[in-house]
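Down below is the structure, laid out as structure tokens.
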Amino acid sequence: MVYENPDGVKIGLEVHVQLNKLKTKLFCGCSTDYHSDEPNTHVCPVCLGLPGSLPVINEKAVEAAIKIGLALNCSIVEQTQFHRKNYYYPDLPKGFQTTQYDYPIAGTGKVVIEGEDGERVIGITRAHMEEDPGRLQHIGTIERSKGTHINYNRSGMTLIEIVSEPDMRSPKEARRYLDKLRSILDYLDVFDGDLEGAMRVDANVSVFGGQRVEVKNISSFKGAERALLYEIMRQKNHVRRGGEIVMETRHFDEARGVTISMRTKEEEHDYRYFPEPDLVPLRVADRAPEIKKALPELPDAKRERFLEQYEMSGMHARALTTEIKVANFYEDVASQVSPKDASVWVADILKGELNYRDLGIDAFTIEDIVEIIQLVTENKITEQSGVEIIRTILDHGGKPQDIVKEKGLLKVEDDIVAKAVEEAISENPEAVEDYLGGKEKSLNFIVGKVMQKTKGRADAREAREQLIEKIKEQN
Ligand SMILES: Nc1ncnc2c1ncn2[C@@H]1O[C@H](COP(=O)(O)OP(=O)(O)OP(=O)(O)O)[C@@H](O)[C@H]1O
Ligand SMILES: [Mg+2]
Ligand SMILES: [Mg+2]
């Protein structure tokens with residue numbers, strides 16, 4: 001089915017990624033490990049932007065930027081250069097942001113997502129490096145705040161701004177793009193996406209070929225999706241009432257789920273970009289080949305390989321390759337039990353139980369899941385008991401073998417089940433009759449009898465199969 005995009009929705013995203021795994025900031029030696037520290041304790045004259053201080057570029061930050069560019073299939077520029085973007089706002093006391101302008105470190109590239117109607121290529125316009133400004137904390141809501149606190153711990157952190165082409169056609173596609181970006185960055189080991197402010201989104205959207213509106217500084221993917229849904233609706237209603245969409249910047253109010261106008265484009269600053277005189281241009285292209293060689297296998301390639309190498313569905317391949325930790329966990333399990341069983345148990349059951357509890361894959365051990373899968377495949381416990389063991393471990397701790405003993409989960413002997421099946425059939429001739437007459441439900445009733453006789457320790461699915469077979473034999 002082809003997606004028509006009846007409202008002509010176009011979405012382009014600017015995503016700021018904070019490279020919080022680097023040890024130090026972009027232009028000074030301040031530590032980046034500030035997230036649980038007091039405000040304004042990770043600062044120095046450089047990242048506070050005091051007069052007379054001079055920046056020194058962090059080589060590791062440049063390498064990480066090249067790595068990200070390459071992973072997004074971007075060209076790496078011959079020589080990159082920093083510019084001053086001049087504006088006056090207290091989040092940057094020096095009066096300008098050190099960023100990149102006409103020589104961004106990475107040029108055009110692409111990312112493939114699962115779109116509304118199959119695979120879709122989203123163009124990357126560029127990815128550039130810049131410094132993060134300080135963090136303003138408004139007292140109350142932004143548009144009628146009584147005062148503001150500023151925390152400069154964040155000031156000078158390395159940001160990579162990844163700018164996409166306006167290639168997305170729905171909030172859902174925007175969300176998929178963001179998830180894909182996060183997945184790629186997770187594989188590259190350049191940032192910890194769980195830390196506050198690790199990824200921030202500016203969402204640009206237009207409808208019916210009109211002007212774009214930019215919703216700035218959205219801090220979650222869910223927020224981006226909601227802001228876009230709201231904004232598309234607002235723009236469509238405005239146009240239907242005969243209004244015109246003007247280029248403007250809006251703010252997303254997470255609590256109320258609405259966007260609010262902040263300034264129109266005419267009010268926007270002339271940034272007076274000019275080359276940063278305190279930093280020499282950097283030759284970067286020659287570093288690219290060596291960094292490219294060291295790139296890990298990325299999500300798309302891993303997904304393809306999983307599909308080929310292991311027997312699994314496309315859905316499992318996707319679920320198992322989104323996070324690198326999960327992919328590695330799966331491969332470890334698959335090397336010890338059948339890969340097919342491993343994919344069902346890890347992707348469907350274990351991940352489901354973990355998500356439900358808001359836990360990551362590191363909350364479970366490979367050893368335990370392997371043991372549970374073996375107990376089930378060796379027919380010692382039922383699948384349902386396997387799930388129960390996982391839940392018990394997550395909620396109360398413990399080891400599979402001990403839980404099996406404590407809860408008496410070992411399956412009853414096969415001949416006991418066979419005997420229960422025979423008894424259930426001979427004791428319930430009417431139900432058997434009904435079942436033979438086409439009433440599927442009566443079979444459930446007889447299965448229930450078998451479960452009663454075995455005190456619930458028979459495998460219900462197996463009991464059902466045996467019943468069907470026995471009834472066939474006898475009739
Ligand atoms: N018609 C459009 N509809 C929706 N998005 C658009 C449209 N035209 C451009 N865009 C998107 O707007 C974004 C422009 O980002 P860019 O960083 O180049 O400029 P900017 O927003 O003016 O600058 P700043 O970085 O200061 O916000 C891109 O993601 C682009 O895809
Ligand atoms: Mg931008
Ligand atoms: Mg922008």
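Please sort 458-470, 17-29, 63-75 by packing, taking for each peptide the average over its residues of neighbouring beta carbons within 10 angstrom, highest first.
Details: 458-470: 17.7, 17-29: 20.8, 63-75: 22.5.
The most tightly packed comes first, giving 63-75, 17-29, 458-470.
May I ask for the distance between the Cα centers of region 192-212 and region 1-78, given as a whole number of Å?
Cα centroid of region 192-212 versus Cα centroid of region 1-78: 15 Å apart.
Quickly rank 158-168, 329-339 as a protection proxy: mean count of other C-beta atoms within 10 Å, highest first.
Put in order of decreasing packing, that is 158-168, 329-339.
Please give the contour-minus-distance gain from Asp194 to Gln309: 0.36 nm per residue of separation, less the Cα-Cα distance, rounded to one decimal in nm.
Taking 0.36 nm per residue and subtracting the Cα distance, the gain is 38.3 nm.
Could you pull out every one of the lysines with an alpha carbon less than 17 Å from that of Lys25, ignoring same-chain neighbours closer than 8 positions?
Lys60, Lys94
What order do you get for 143-156, 194-207 when each peptide is scored by the mean count of other beta carbon atoms within 10 Å, highest first?
Output ranking for 143-156, 194-207: 194-207, 143-156.
In whole Å, what three semi-axes, largest first, describe the equivalent ellipsoid of region 286-366 built from its Cα gyration tensor (square root of 5 times each eigenvalue)?
After scaling each eigenvalue by five and taking roots: 25, 15, 11 Å.
Using a Förster distance of 60 Å, how high is the FRET efficiency between Arg391 and Gln79, based on the Cβ-Cβ distance and rounded to 0.05?
0.60
Is there a quick way to get the dipole size of region 299-407? I mean about its Cα centre, with the Cβ of Lys and Arg at +1 and of Asp and Glu at -1; what is the value in debye to the nearest 20?
Value, rounded to 20: 100 debye.
Determine the alpha carbon to alpha carbon distance for each of Lys405/Lys449; Lys23/Lys180; Lys85/Lys216 and list only those over 23 Å.
On the way: Lys405/Lys449 25 Å; Lys23/Lys180 25 Å; Lys85/Lys216 17 Å.
Check vs 23 Å cut-off fails for Lys405/Lys449; Lys23/Lys180.
What number, rounded to the nearest 500 deg cm²/dmol, is the helix-based mean residue ellipticity at 222 nm of the chain, given -39500 (n - 2.57) per DSSP H run of at least four residues and division by all its residues?
-12000 deg cm²/dmol
For the chain, take the longest principal axis of its alpha carbons; what is the angle in degrees between that and the long axis of helix 414-427, to the nearest 10 within 0 to 90?
70
Rule-based calculations on the coordinates, nothing more; no lab input. These numbers come from a predicted model, not from an experiment. Virtual Cβ from ideal backbone geometry, glycine too; neighbours counted across all protein chains shown.
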